[in-house]
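Taking it in order: structure first as structure tokens, then the write-up.
The values are calculated or read from the model by the stated rules, or taken from the named source; none is laboratory data. Small disclaimer: the values here were computed from a predicted structure and weren't measured. Heads up, the Cβs are rebuilt from the backbone with ideal geometry, glycines too, and the neighbour counts pull from every protein chain shown.
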Amino acid sequence: MVRRVLVTGASGFIGKTLVSALAKQGITVRAASRDPNAIIAASEVERVVMPDLAAPADWSDLLEGVSDVVHLAGIAHAPGVLPDDVYHRINAEAVGALAEQATDKIECFVFMSSVRAQAGLSADHAITEQDAPQPTDAYGRAKLEAERLVEQSGVPYTILRPAVVYGRGVKGNIAALATIAKTPMPLPFGGLDNRRSLLALDNLVSAVFHVLETEAAKNETFLIADEAPISVADLVAAMREGLGRPPHLVKVPQGAVKRLLKSFGREADWERVAGSFVVDVSKLMATGWTPHVETHAGIVRMIRAENGAAS
């Protein structure tokens with residue numbers, strides 16, 4: 001059983017839930033963030049300031065006395081916003097530096113990479129860890145380089161490549177699609193039977209617990225997603241179910257879907273909506289991990305929670 005865990009990025013979307021889950025299990029957490037006041041307050045949680053990832057950092061004080069590290073901190077995917085060298089510095093070089101400084105000090109370094117280190121926005125087959133990584137943007141390339149730096153550091157590690165994560169407080173593409181689902185009009189998604197893998201935040205947290213405690217997960221890289229993918233049509237239907245509405249999905253030419261996305265300023269998301277992206281999670285499941293949240297049910301619960309919070 002883990003003893004004291006350093007979690008970086010502890011005030012973020014994933015970090016808040018992970019820190020809370022660890023603390024509820026009685027595990028002492030050293031929770032690091034640029035804004036420690038944004039971290040949950042609990043007796044098991046030590047809130048600390050995280051070093052600036054854009055500059056060389058000394059992690060010795062934060063690593064003192066910890067048994068494990070879960071590194072979540074970094075720049076989120078923001079296409080066209082940041083230069084490549086910023087992604088490389090913060091999402092790759094800083095990761096490698098932390099891993100090197102943690103060598104010979106901890107039992108496991110869990111690095112939260114991304115499925116974007118493995119592939120682009122769509123794939124014509126179910127991707128596995130055996131596929132040669134083919135990142136298509138600076139974010140994915142930086143994550144893949146970070147993986148290489150962790151592997152060569154000598155620290156005992158587990159690398160997780162999550163699919164798009166959803167849960168209460170989610171932002172980005174899932175939040176944008178949820179906004180579209182809130183419109184009262186029928187939506188032209190009925191013909192989108194392409195399947196995409198998503199990842200419930202609770203499933204991701206359970207995976208982190210699992211790899212911290214599982215010897216078979218050490219020095220391995222795992223893709224991670226909910227067990228079964230979901231069609232885009234069913235995803236939108238689940239969102240409307242969470243809102244207490246019937247699906248009201250109609251089948252129309254795909255050009256109509258593109259026009260709808262454009263009207264919401266989301267035309268660039270067409271490949272995410274129209275393409276397939278299925279993640280094979282059998283490697284991680286073979287070590288004993290089970291994703292308990294099914295995607296449709298998880299989306300319904302997320303939308304109900306968000307809608308309840310807003311009302």
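Against the test of being farther than 19 Å from Gly172 by Cα, β-branched (Val, Ile, Thr) and either modelled with pLDDT of 95 or more or under 20 Å from the mean Cα position of the chain (by Cα) (or both), the options Thr295, Thr290 yield a single qualifying residue, Thr290. Taken together, the residues in segment 151-186 that are part of a helix (DSSP H, G or I) and surrounded by 15 or more Cβ atoms within 10 Å (Cβ to Cβ) amount to 10. Residues in segment 219-232 include at least one that is in a helix (DSSP H, G or I), closer than 20 Å to Phe264 by Cα and touching a Lys or Arg at 6+ places or on another chain (Cβ under 9 Å).
Only one entry in Ser276, Ser263, Ser231, Ser206 is without any contact (Cβ under 8 Å) to a residue 24 or more places away in the chain, surrounded by fewer than 20 Cβ atoms within 10 Å (Cβ to Cβ) and not basic (Lys, Arg), namely Ser263. Condition check for Thr221 on (1) assigned by TED's automatic domain parsing to the domain that holds Pro253; (2) under 18 Å from Val150 (Cβ atoms); (3) among the β-branched types (Val, Ile, Thr): one failure, at (1). Restricting attention to segment 77-103, the residues being farther than 11 Å from Lys143 by Cα and modelled with pLDDT under 90 number 9.
The set of residues in segment 134-158 being modelled with pLDDT of 95 or more and either in contact with a strand residue (DSSP E or B) (Cβ under 9 Å, 6 or more places away or on another chain) or among the acidic types (Asp, Glu) (or both) consists of Lys143, Glu145, Ala146, Glu147, Val150, Glu151, Ser153, Val155, Pro156, Tyr157, Thr158.
Comparison of Arg141, Arg148 shows that the only residue that is in contact with a His (Cβ under 9 Å, 6 or more places away or on another chain), without any contact (Cβ under 8 Å) to a residue 60 or more places away in the chain, in the same structural domain as Phe13 (by TED's automatic domain parsing) and in a helix (DSSP H, G or I) is Arg141.
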